[in-house]
Amino acid sequence: MLLEFNCSNHKSIKENVTFSMIAGSDNTSEELLKEYDNFRVLRSVIIYGANGSGKSNFISALAFMRDMVSNSIGNQPGQKVFQAPHKLSSQDTPSKYSIQFVKNDIRYAYGFSVKQNVIEEEYLYYFPKKRPVKIFERSGMSVKPGDRYKGTFDVSTEILKENRLFLSCAANYSNAKEVEEAFRFFNTDMVVYNPEINNWTEYSIELMQNNPLIKSAFVDILQALGTGAKDVKVKLEKVKLADLPKGLQIPEAIKSLIGTQVGNKIAAKVVYDKFEVDLMEESAGVKRLFQIICPIIDILNNGKILICDELESSLHEAVIFQIVQWFEHSKKDKFAQLIFSTHDTSLLDTDLFRRDQVWFTQLNEERATDLYSLVEIKNVRKSENLERGYVSGKYGAIPMLNKNFFQNLEEDI
């Protein structure tokens, strides 16, 4: 589970912002929280804000941290680390990222900073018996292992470069269990979905083909949404790229390069009463359901964390409502979490979200992102109509439209 995330100097985020999945003092829907040590942990969080206020940049900071841990070991000599500092930050200002999370019931604290496109600092601690134990600390190219890990990271240190995270190196070139667990949290447990980039259709078809229960659950969802669908037919098979059908043949010059490389051939149809429809001919909404519902079922079953920018894209509000309900009432032994940004104000409902589950982004006078929770705003009652309060501008984080401008525009038209 994710407990807390901090970042600074990342795109529109200039000063440090703190995001927390730890519940506040509110005792609403207490049964939906997860107790861990002295914490009560939230299962889902929703983020609102005007266009350009930094919602997507906050999601991208989480994604950047995950991708750096997963992939930086592959960085080549001289390759620069991605850095997108705030426009008003100096060149010497580092971009910082830190996170606290739980893996296999053990809490970890991890962080790193990037300065002038190289790794400046990095650290990893864990908390067995609730006390912090240093696994390693890094400054530039110098790594200091904790007392329990002396001699453990000798090989890892040899392959370290200024553009590689030490966690990436140590997870692949040491036998430290705690390091591997921390790496797996990023590489496996954090799932970042962007509708503009990711296409999980192939993943969904593979899940349905290999797990009849997932396929059955997906069909039930299609029927519950009134699509009229009775069943789905899916097939995924491995094919040699050089053996594709004549209509999809690859030029001979390219065939010689790909040789015996194998790709996936997918087929999916939605079955109705009297006919079948190929997935490619279906509506954008049904295609999105194919992309996202089955992976979400897999995320819930395996207790992962789904992080999504604008989850509502091409999905009906009833579907989003149901997805939130799944995470709120997911299996007690598998703690899945959902973090997503949205413009759908119909979800601002105290029957669906506690006040500490609602977050906002807003630009300040430096055009820098402020991130804050609804609980930080005074005089917000538990029974308050949150949608009305947000739309009226009571909580900030919403564009205040110039009525005179639009009135003049209408007159000109």
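Considering only strands (runs of 3 or more DSSP E) fully contained in the range 1-83, which possess at least 2 residues that are small (Gly, Ala, Ser) and in contact with a Gly (Cβ under 9 Å, 6 or more places away or on another chain)?
Counting at least 2 such residues, we get no strands (runs of 3 or more DSSP E) at all.
For the range 362-413, enumerate the residues that are of a type in the set (Asp, Glu) and either at pLDDT 60 or above or assigned by TED's automatic domain parsing to the domain that holds LEU347 (or both).
GLU365, GLU366, ASP370, GLU376, GLU384, GLU387
Only one residue in VAL69, VAL45 is over 22 Å from ILE119 (Cβ atoms) and touching a helix residue (DSSP H, G or I) at 6+ places or on another chain (Cβ under 6 Å), so which one is that?
VAL45
Quickly run through the range 122-160 and pick out the residues that are surrounded by 18 or more Cβ atoms within 10 Å (Cβ to Cβ), closer than 20 Å to ARG66 by Cα and not aliphatic (A, V, I, L, M).
GLU122, TYR123, TYR125, TYR126, PHE136, ARG138, SER156
Please go through the range 88-107 and give me each residue that is of a type in the set (A, V, I, L, M) and outside any loop (DSSP other than H, G, I, E, B), ordered by number.
Within the range 88-107, ILE99, VAL102, ILE106 qualify.
Residues being over 22 Å from ARG43 (Cβ atoms) and among the β-branched types (Val, Ile, Thr): count how many of those fall in the range 348-376.
1
Looking at ASP92, is it surrounded by fewer than 16 Cβ atoms within 10 Å (Cβ to Cβ) and either within 20 Å of ILE13 (Cβ to Cβ) or of a type outside the set (Val, Ile, Thr) (or both)?
The answer is yes for ASP92.
Got a number for residues in the range 163-204 being among the hydrophobic types (A, V, I, L, M, F, W, C) and at pLDDT below 90?
Within the range 163-204, residues that are among the hydrophobic types (A, V, I, L, M, F, W, C) and at pLDDT below 90 number 2.
Looking at the range 220-235 only, could you name the residues that are surrounded by fewer than 17 Cβ atoms within 10 Å (Cβ to Cβ), touching a strand residue (DSSP E or B) at 6+ places or on another chain (Cβ under 9 Å) and not in a loop (DSSP other than H, G, I, E, B)?
ASP231, LYS233, LYS235
In this structure, is PHE340 closer than 12 Å to ILE46 by Cβ and modelled with pLDDT of 90 or more?
Criteria met by PHE340.
Quick check: anything in the range 14-35 of a type in the set (Phe, Trp, Tyr), within 24 Å of GLU387 (Cα to Cα), assigned by TED's automatic domain parsing to the domain that holds ALA109 and touching a residue at least 60 places away in the same chain (Cβ under 8 Å)?
Yes, there is a match, as at least one residue in the range 14-35 is of a type in the set (Phe, Trp, Tyr), within 24 Å of GLU387 (Cα to Cα), assigned by TED's automatic domain parsing to the domain that holds ALA109 and touching a residue at least 60 places away in the same chain (Cβ under 8 Å).
Run down LYS103, LYS87 and say which single residue is surrounded by fewer than 18 Cβ atoms within 10 Å (Cβ to Cβ) and basic (Lys, Arg).
One residue alone meets the criteria, LYS87.
On the basis of being farther than 16 Å from THR18 by Cα and crowded, with 17+ Cβ neighbours inside 10 Å, does TYR97 make the cut?
For TYR97, the condition - farther than 16 Å from THR18 by Cα and crowded, with 17+ Cβ neighbours inside 10 Å - is not met.
The values are calculated or read from the model by the stated rules, or taken from the named source; none is laboratory data. Bear in mind the structure is a predicted one, so any value in this text is a computation, not a measurement. Cβ atoms come from the backbone with ideal geometry, glycine included; neighbour counts cover every protein chain shown.
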